[in-house]
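Visitor: There's a structure below that I have some questions on.
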Amino acid sequence: MSERNHKRVVCHFSCGAASAVATKMAIANHGNVTIYRCDTGSEHPDNERFMAECEQWFGQQIQVIKSKRFSDIYEVFEKRRFMSSPAGAPCTTELKKLPGNQNWHPDDLEIFGYTAEESHRLERWKKNNPERNISCPLIDRHLTKQDCFGILASVGIELPAMYGLGFRNNNCIGCVKSSSIDYWKRVRKYFPDQFSRTARIERDLGHALCKRTTGGVVERVFLDEIEEGDPIGRDPDIACGLFCAMESEGVSK
């Protein structure tokens with residue numbers, strides 16, 4: 001579908017740096033846009049501050065949508081009796097995909113915040129969703145996630161708190177898509193309550209999230225088995241969505 005045939009331009013705002021810059025670029029390119037945010041009920045409270053500052057930058061409000069069935073990720077895990085698999089996690093489907101799809105129209109042009117280093121994700125998304133019309137202005141402009149950080153800094157918007165704590169993405173606190181022990185050490189360090197709750201659900205379901213390779217053998221590790229200590233490795237890049245040299249033309253104040 002050509003971009004000239006769409007009736008609405010819909011921006012998917014996730015409270016991540018990339019989606020914020022992509023939304024601003026869409027407003028500059030198209031003028032009238034609709035902005036949706038799927039609230040999972042499990043994100044850092046600083047996201048509300050970030051969203052409010054972005055609304056001022058955008059010059060328009062963000063429409064917040066929520067699941068009518070589940071209040072947060074823990075309710076999804078407990079009621080669905082399932083946390084994650086190589087194919088994904090039920091929280092993404094229940095808290096993002098389904099609420100988002102209820103607001104989708106076949107002739108929408110959808111704006112996503114895929115960055116230059118995520119072109120492979122865009123191609124996979126297009127292959128799996130041929131009926132959707134998607135535009136990724138950050139990829140078109142060759143902008144990386146670090147470029148987006150710089151753009152937000154240049155307009156005086158502080159990054160969401162999760163980035164400052166060392167998390168690579170501003171996902172839910174304790175993303176079950178991660179199998180990294182260092183990632184969960186970081187969750188335990190800054191969010192012990194969420195860590196403990198996830199660990200209890202793990203044991204209840206009999207499913208360990210983390211993996212460790214010893215002598216070429218991969219073994220599953222429950223969260224309550226993770227050794228003490230701070231994280232030392234780099235945080236993994238965990239994708240979560242319906243499907244995060246600096247150029248700033250079209251995204252300045």
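Readers should treat all values here as calculations from the given coordinates under stated rules, not as data from a laboratory. As the structure is a computational prediction, the values presented were derived from the model and not from experiment. Note that we place each Cβ from the backbone using ideal geometry, even for glycine, and neighbour counts take in every protein chain shown.
Visitor: Full extension from residue 7 to residue 56: what is 0.36 nm times the residue separation minus their Cα-Cα distance, to one decimal in nm?
Guide: 15.2 nm
Visitor: Run down the lysines and flag those whose C-alpha is under 24 Å from the C-alpha of residue 127, throwing out any fewer than 8 positions away in its chain.
Guide: Those lysines meeting the cut-off are 7, 96, 97, 145, 177.
Visitor: Determine, from the Cβ-Cβ distance of residue 105 and residue 205 and an R0 of 41 Å, the FRET efficiency 1/(1 + (r/R0)^6), rounded to the nearest 0.05.
Guide: 0.65
Visitor: Which percentage, to the nearest 5, of the DSSP beta bridges contained in segment 3-164 is antiparallel?
Guide: Here the antiparallel bridges make up roughly 5 percent for segment 3-164.
Visitor: Now a separate question. 7 Å from Cα along Cα→Cβ at both residue 71 and residue 87: what's the point-to-point distance in nm?
Guide: The two pseudo-label positions are separated by 3.0 nm.
Visitor: Now a separate question. Rounded to the nearest 0.05, what FRET efficiency do residue 220 and residue 48 have when you use their Cβ-Cβ distance and R0 = 41 Å?
Guide: 0.70
Visitor: Okay, moving on. Using a simple spin-label model with points 7 Å from Cα along the Cα→Cβ vector, what separation in nm is obtained for residue 78 and residue 140?
Guide: Spacing of the two 7 Å Cα→Cβ label points: 4.5 nm.
Visitor: Moving on. If R₀ is 35 angstrom, what is the calculated FRET efficiency for the pair residue 129 and residue 228, using the beta carbon separation as r and rounding to 0.05?
Guide: Efficiency, from the Cβ-Cβ distance: 0.20.
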